[in-house]
Amino acid sequence: MNLEQQLLAQFATDHPAEVASALAAMSQREAALVLGDLAPAVAAGLLHYLPYLSAALALEQLSTEDTAAILTAVRPDIAASILRATPSERQAAVIACFPSRLQTVISSLLIYAEDTAGALMDPEVLTAFEQEPVCQVLERIQRNPEHALYYLYVVADDQRLVGVVNMRELMGARPDASLASVCTRNVASIAASATWQTVVGHSAWGSVHALPVVDRAGQFVGVLRYEIVRALERRQAGDTLADSSLQTVSALGELFGLGLRGVFHWPTAGTAGGSSERES
């Protein structure tokens with residue numbers, strides 16, 4: 001990686017919104033050249049700020065494998081939104097490159113319309129049946145801590161949401177007690193079909209850190225985290241991509257002593273046009 005590439009990578013890491021704003025103003029091929037030359041994790045950071053269609057069109061210029069590597073590093077709801085804007089054949093090819101767990105997660109999000117609660121939720125959250133003893137549930141949480149939230153959602157045999165218990169209450173309960181005896185009933189929830197405006201305006205956010213998502217039958221399908229709501233609030237306030245492209249061009253030009261187009265036109269053989277081979 002030459003000095004210009006290193007500097008851009010650092011700038012993209014430190015100022016992703018500004019770089020994303022500049023990418024959105026470029027042609028698809030130019031944006032692809034930049035994304036393809038960045039490490040997948042750094043490129044993924046830019047996708048949080050790019051319009052989904054712009055991101056999809058740029059990623060279509062990269063190989064399927066490179067696109068999958070970048071989307072694997074991005075938040076699942078964002079990856080799903082970008083894939084919705086991707087032609088179906090290409091979409092299927094990219095998903096096939098994902099690890100099996102992520103394939104399941106993305107597929108569960110793609111069944112819901114864009115920007116609904118179902119499309120924005122985290123479907124990988126631990127639940128427990130109401131008849132399970134506390135000790136058994138705690139053992140399962142210890143084995144899968146990455147899927148545990150501040151709350152544990154309690155479901156009936158048919159996956160219908162019936163209650164919630166926070167982790168402090170769960171750890172303080174008698175080991176042989178059933179979840180049905182320690183959980184709180186009448187849980188605030190939101191329909192998977194709810195729009196993002198409805199998500200932001202839900203009255204429960206004043207008292208909870210996460211909100212369960214249910215389908216038409218009342219079955220638990222995932223959780224909306226508060227960080228997602230904060231991102232939606234920023235969109236509602238018009239903060240997304242608030243920095244102008246002209247300010248970004250000026251900053252990058254000053255940083256590199258070049259025009260923006262010059263910065264992004266280093267040799268990038270193999271990063272676009274569908275090839276997965278790169279020059280070292």
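The values are calculated or read from the model by the stated rules, or taken from the named source; none is laboratory data. Since the model is a prediction, treat every value here as computed from it, not as a measurement. Ideal geometry is used to build each Cβ from the backbone, glycine not excepted, and the neighbour counts take in all protein chains shown. All accessible areas refer to the heavy atoms of the entire protein, side chains included, with ligands and DNA or RNA removed. Shrake-Rupley method; radii C 1.70, N 1.55, O 1.52, S 1.80 Å.
Measuring only protein heavy atoms, the 1.4 Å probe finds residue 181 accessible over about 80 Å².
Stretched out straight at 0.36 nm per residue, the stretch from residue 176 to residue 101 would grow longer than its current Cα-Cα span by 23.8 nm. Largest to smallest in accessible area, the residues 121, 167 fall in the order 167, 121 (1.4 Å probe, all protein chains included). Computed packing ranks the peptides 135-146, 41-52 as 41-52, 135-146, most packed first, by mean other Cβ atoms within 10 Å.
Computed extension gain for residue 148 through residue 114, at 0.36 nm per residue and net of the alpha carbon distance, reaches 9.7 nm. Shown for region 149-230: the carbon plus sulfur share of the solvent-accessible area, taken with all protein chains present and a 1.4 angstrom probe, equals 48%. Calculate what fraction, in whole %, of the accessible area of region 40-100 sits on carbon and sulfur atoms when a 1.4 Å probe is rolled over the protein chains. Accessible surface attributable to carbon and sulfur in region 40-100 totals 59 percent.
With protein chains left intact and a 1.4 Å probe, residues in region 54-144 average 40 Å² of accessible area per residue. Taking label positions 7 Å along the Cα-Cβ direction at both residue 93 and residue 168, the computed distance is 5.3 nm, reported to one decimal. The calculated FRET efficiency for residue 139 paired with residue 204, based on their beta-carbon distance and R0 = 35 Å, is about 0.75.
Look at the alpha carbon pairs under 8 Å that are at least 6 residues apart: their mean separation over the length of region 1-141 gives a relative contact order of 18 percent.
With a ≥ b ≥ c the root eigenvalues of the C-alpha gyration tensor of region 116-217, is it rounded (a/c under 1.5), prolate (a/b larger than b/c) or oblate? It comes out prolate by the Cα gyration axes.
Taking the centroid of alpha carbons for each part, region 76-129 and region 1-42 are 25 Å apart.
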